[in-house]
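The values are calculated or read from the model by the stated rules, or taken from the named source; none is laboratory data. Not measured: the values here are computed from a predicted model. Neighbour counts are summed over all protein chains in view; Cβ atoms, including those assigned to glycine, are modelled from backbone coordinates with ideal geometry.
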Amino acid sequence: MAMAQEFYERDRELQFHAKLVEEQTRLLHWQEKLEKDLDEPIFVDMSISETILNLLVLGQHKMAATIKTEFKVPDKRFYHLKLRVLSRSKEWHQLRQFAMEK
């Protein structure tokens, strides 16, 4: 990934691609850290939405919010993921609390 990023950075027209590779590398590092810290091998090679979804399923709401901020995930997408998790797990009390917050 580092070599690809260097290659893309050399060409002015490929700066967007360099940024994408950099962001993907950051996500991969976060996912590896999450797998190590939470002892759950379910994060690597997932999208940012799937990573957040898995964190919410595991009850790691603060970490999910940190990832949301770090990768600039829109509020609308984050709220949709959180609503999906809370409704599927039938956490009606937390769902009501979340609704009152927002």
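Out of the residues in the range 19-31 that are of a type in the set (A, V, I, L, M, F, W, C) and buried (at least 16 other Cβ atoms within 10 Å of the Cβ), which is modelled with the lowest pLDDT? Break it down into steps so the answer makes sense when it comes.
Narrowing the range 19-31 to residues of a type in the set (A, V, I, L, M, F, W, C): 20-21, 27-28, 30.
Within this subset, residues satisfying the condition of being buried (at least 16 other Cβ atoms within 10 Å of the Cβ) are 21, 27, 30.
Working: Val21: 78, Leu27: 92, Trp30: 92.
Checking each candidate, the answer is Val21.
Mind checking which helices (runs of 4 or more DSSP H) fall wholly inside the range 1-66 and carry at least 3 residues that are farther than 25 Å from Tyr79 by Cβ and assigned by TED's automatic domain parsing to the domain that holds His80? Talk me through it step by step, then tell me what you get.
Numbers: elements: 2-10, 15-38, 48-57.
Answer list for the range 1-66: none.
Quick check on Lys102: is it surrounded by 15 or more Cβ atoms within 10 Å (Cβ to Cβ), basic (Lys, Arg) and free of Cβ contacts under 8 Å to residues at least 60 places away in the same chain? Give the derivation first.
Values: surrounded by 15 or more Cβ atoms within 10 Å (Cβ to Cβ): no; basic (Lys, Arg): yes; free of Cβ contacts under 8 Å to residues at least 60 places away in the same chain: yes.
Judged against the criteria, Lys102 is not a match.
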In the range 32-45, anything at pLDDT 90 or above and either surrounded by 15 or more Cβ atoms within 10 Å (Cβ to Cβ) or in contact with a Gly (Cβ under 6 Å, 6 or more places away or on another chain) (or both) is listed as Leu34, Leu38, Phe43
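Is it the case that some residue within the range 19-42 is touching a Leu at 6+ places or on another chain (Cβ under 7 Å), aromatic (Phe, Trp, Tyr) and under 22 Å from Met1 (Cβ atoms)?
no
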Those residues of the range 73-102 that are modelled with pLDDT of 90 or more and part of a loop (DSSP other than H, G, I, E, B) come to a total of 2
Here the qualifying pairs (Cβ atoms under 8 Å; residues six or more apart or on different chains; first in the range 63-80 and under 18 Å from Lys33 (Cβ atoms); second loosely packed, with under 13 Cβ neighbours inside 10 Å) come out as Glu70/Arg26; Phe71/Arg26
